[in-house]
Amino acid sequence: MTDAATEQLLEITLRVNGVRRTASAPARRLLSDFLRHDLGLTGTHVGCEHGVCGACTVLLDGEPARACLVFAVTAQAHEVTTVEGIGHDPANLSPVQQAFAECHALQCGFCTPGFITTITAYLDENPQPTPEEAREAISGNLCRCTGYQNIVKAVVRASEIVREREEETR
Amino acid sequence: MKPAPFVHHAPRTLEEAVAVLGEVGHDGKVLAGGQSLIPLLSMRLASPAHLVDVNGVAGLDAVEVTDTHVRVGALVRHAGLERHDGAAAALPLLRQALRNVAHPAIRTRGTTVGSIAHADPSGEMPAVTVLTGGVVEAAGPRGRREIAAADFFTGPLETTLAEDELVVAVRFGLLPAGTRTGFVESARRSGDYALAGVALAVGMDGDVVTSATASFVSVTPVPDVLDLGPALAGRSVGDLPLDDVAELVRSHVGPESDIHAPADYRRMLAAELTRRVLTTTTTPTEGAA
């Protein structure tokens, strides 16, 4: 049996933002670090590294998950969506990104990727949240600039933008 | 804040998982959702040499509802059980409690069975397990066995599970027809570890209470069941001796002081939360089973 003192290197293949990506990494590589260091996707931010702050939130099979609380090797069978997969073209922002811009819902921006992924998944589940529901939905994400008022506004605004875009394409 | 090196094992069947656990013994740890384990590894509070990652094991992800219990497999995520309408209809307390388990992004990965096996006194689901007379199904090199919830938890993060055993499923017992249930907890931030929490089951005949039991979160070293029957049985909803109930709770719980709150405050909070959840649960139209 392999000795744990000698690092076990694994070929890890993930499907990230619709693209198959493979890299070699130790078994202990957290998904957050795998995305950033091994795949160069630095949009996922690393804050507390024990699941409290929510900055590293990504979507696993469309559902929000803490990338710092998943080993990359365990995520192999899953579809991963990072903030880059939600949108990285300033001229073509996702509804949540547009709402953040309109409502001034970011200050330093460090926590923003985690908020964008969390809120994107939440609006799939609850397309018309009240401000109270919006507050509950973001309760797992910390903003050290404490910009929560405008983030709550952005959740509600994003749900309007989704509906506006649906009407435009009708 | 990175985990120490370990050897990753990815068994595809329960038999393989049990074989690996038997081989690595006390150097091994089972990884399912990892929402409690990975922080412990990252902070190096635990550094097992082997991780037995059961996420690829087939057949552990089912929820089964029968006339007597809800059986939850080891890979059922909190979010999956929370969404399961059959489980919620049979035992509303499951959904009531699961809504309080951490944040949605944790519930999508964390497993209900893992949280029970982890035996954290601040976990919601251990309290639900004891209150419903749950049964833990374990598998190991010496075969399979069943452990009653009352015999499972022995201390904070300690159970009667052997080092080479893993929990395959937990069966939550259904409560008698007409039992009303409620769950409430208080945390500094919604979704964080509760300062105190209460799970409650109340038997009712019309508006008269026939039985009442409670179990607690974060204020007892091991989840156990407090019988509130002596104080409440035979009393009608409009005439509940809430002060007596609060006193029973205060003398039952034994919280610890920590950086978040002193023991006295947690004791007061447990009593007050019990008073509140008892009132809302017995109010007509709310909390009906």
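The values are calculated or read from the model by the stated rules, or taken from the named source; none is laboratory data. Predicted, not measured: the structure shown is a model, and the values here were computed from it. As a convention, Cβ positions derive from the backbone with ideal geometry for all residues, glycine included, and neighbour counts pool all protein chains shown.
Below, the figures for the structure above:
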| read-out | value |
| --- | --- |
| Residue satisfying condition, being crowded, with 18+ Cβ neighbours inside 10 Å and in a helix (DSSP H, G or I), within set B:LEU248, B:LEU175, B:LEU200 | B:LEU248 |
| Set B:ALA49, B:ALA62, B:ALA32: member being over 21 Å from the mean Cα position of the chain (by Cα) and either surrounded by 22 or more Cβ atoms within 10 Å (Cβ to Cβ) or modelled with pLDDT of 95 or more (or both) | B:ALA49 |
| Condition met for A:THR81 (without any contact (Cβ under 8 Å) to a residue 40 or more places away in the chain and in contact with a helix residue (DSSP H, G or I) (Cβ under 9 Å, 6 or more places away or on another chain)) | no |
| A:THR42, sole failed condition from (1) free of Cβ contacts under 8 Å to residues at least 12 places away in the same chain; (2) of a type outside the set (A, V, I, L, M, F, W, C); (3) within 12 Å of A:VAL16 (Cα to Cα); (4) in contact with a Lys or Arg (Cβ under 6 Å, 6 or more places away or on another chain) | (3) |
| All positions within the range B:97-121 that are within 14 Å of another protein chain (Cβ to nearest Cβ) and in a loop (DSSP other than H, G, I, E, B) | B:ARG99, B:ASN100, B:VAL101, B:ALA102, B:HIS103, B:THR108, B:ARG109, B:GLY110, B:ASP120 |
| Residues within the range B:76-86 that are surrounded by fewer than 23 Cβ atoms within 10 Å (Cβ to Cβ) and among the hydrophobic types (A, V, I, L, M, F, W, C), tallied | 1 |
| Extreme residue, farthest from the other protein chains (Cβ to nearest Cβ), among residues of the range B:182-197 that are hydrophobic (A, V, I, L, M, F, W, C) and more than 18 Å from B:LEU94 (Cβ to Cβ) | B:ALA196 |
| From the options B:GLY234, B:GLY238, residue that is touching a Ser or Thr at 6+ places or on another chain (Cβ under 9 Å), over 25 Å from B:TYR193 (Cα atoms) and either touching a residue at least 24 places away in the same chain (Cβ under 8 Å) or part of a loop (DSSP other than H, G, I, E, B) (or both) | B:GLY234 |
| Filtered residues of the range A:94-106 (kept if of a type in the set (A, V, I, L, M) and assigned to a loop (DSSP other than H, G, I, E, B)) | A:ALA105, A:LEU106 |
| Index of the failed condition, B:ALA117 passing every other in (1) buried (at least 20 other Cβ atoms within 10 Å of the Cβ); (2) more than 17 Å from B:SER218 (Cα to Cα); (3) out of contact with any Pro (no Cβ under 6 Å at 6 or more places or on another chain) | (2) |
| Every pair of residues 6+ apart whose Cβ atoms lie under 6 Å, when the first sits in the range B:94-114 and is surrounded by 23 or more Cβ atoms within 10 Å (Cβ to Cβ) while the second is hydroxyl-bearing (Ser, Thr, Tyr) | B:ALA105/A:THR57 |
| Any hit, the range A:76-93, residues being surrounded by 22 or more Cβ atoms within 10 Å (Cβ to Cβ), assigned to a strand (DSSP E or B), within 14 Å of the chain's Cα centre (by Cα) and not polar (S, T, N, Q) | yes |
| Scan of the range B:253-279 for residues that are of a type outside the set (Ser, Thr, Tyr), assigned to a helix (DSSP H, G or I) and within 15 Å of B:VAL184 (Cβ to Cβ), ordered by number | B:ARG266, B:MET268, B:LEU269, B:ALA270, B:ALA271, B:GLU272, B:LEU273, B:ARG275, B:ARG276, B:VAL277, B:LEU278 |
| Test: residue in the range A:120-139 that is over 23 Å from B:LEU41 (Cβ atoms), within 11 Å of chain B (Cβ to nearest Cβ), part of a helix (DSSP H, G or I) and in contact (Cβ under 8 Å) with a residue 24 or more places away in the chain | yes |
| Residues (in a helix (DSSP H, G or I) and facing chain B (nearest Cβ under 9 Å)) located in the range A:57-68 | A:CYS68 |
| Filter result for the condition that a residue is closer than 22 Å to A:THR13 by Cβ, more than 9 Å from the chain's Cα centre (by Cα) and of a type in the set (Phe, Trp, Tyr), over A:PHE71, A:PHE100 | A:PHE71 |
| The range A:1-56, residues that are more than 14 Å from chain B (Cβ to nearest Cβ), part of a loop (DSSP other than H, G, I, E, B) and surrounded by fewer than 16 Cβ atoms within 10 Å (Cβ to Cβ) | A:GLY18, A:GLY40, A:THR42 |
| Contacts under 9 angstrom Cβ, first residue in the range A:55-67 being more than 11 Å from A:HIS78 (Cα to Cα), partner hydroxyl-bearing (Ser, Thr, Tyr) and assigned to a strand (DSSP E or B), 6 or more apart | A:VAL58/A:THR81; A:PRO64/A:THR57; A:ALA65/A:THR57; A:ARG66/A:THR57; A:ALA67/A:THR57 |
| Wholly within the range B:3-96, strands (runs of 3 or more DSSP E) carrying at least 3 residues that are away from every other protein chain (no Cβ under 11 Å) | B:63-65, B:69-73 |
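Residue-wise test of (1) under 14 Å from B:VAL128 (Cβ atoms); (2) in contact with a His (Cβ under 7 Å, 6 or more places away or on another chain); (3) aliphatic (A, V, I, L, M); (4) modelled with pLDDT of 95 or more.
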site: B:VAL170; (1), (2), (3), (4): yes, no, yes, yes
site: B:VAL184; (1), (2), (3), (4): yes, no, yes, yes
site: B:GLY191; (1), (2), (3), (4): no, yes, no, no
site: B:ALA194; (1), (2), (3), (4): yes, no, yes, yes
site: B:VAL202; (1), (2), (3), (4): no, no, yes, yes
site: B:VAL217; (1), (2), (3), (4): yes, no, yes, yes
site: B:LEU228; (1), (2), (3), (4): no, no, yes, yes
site: B:SER236; (1), (2), (3), (4): no, no, no, yes
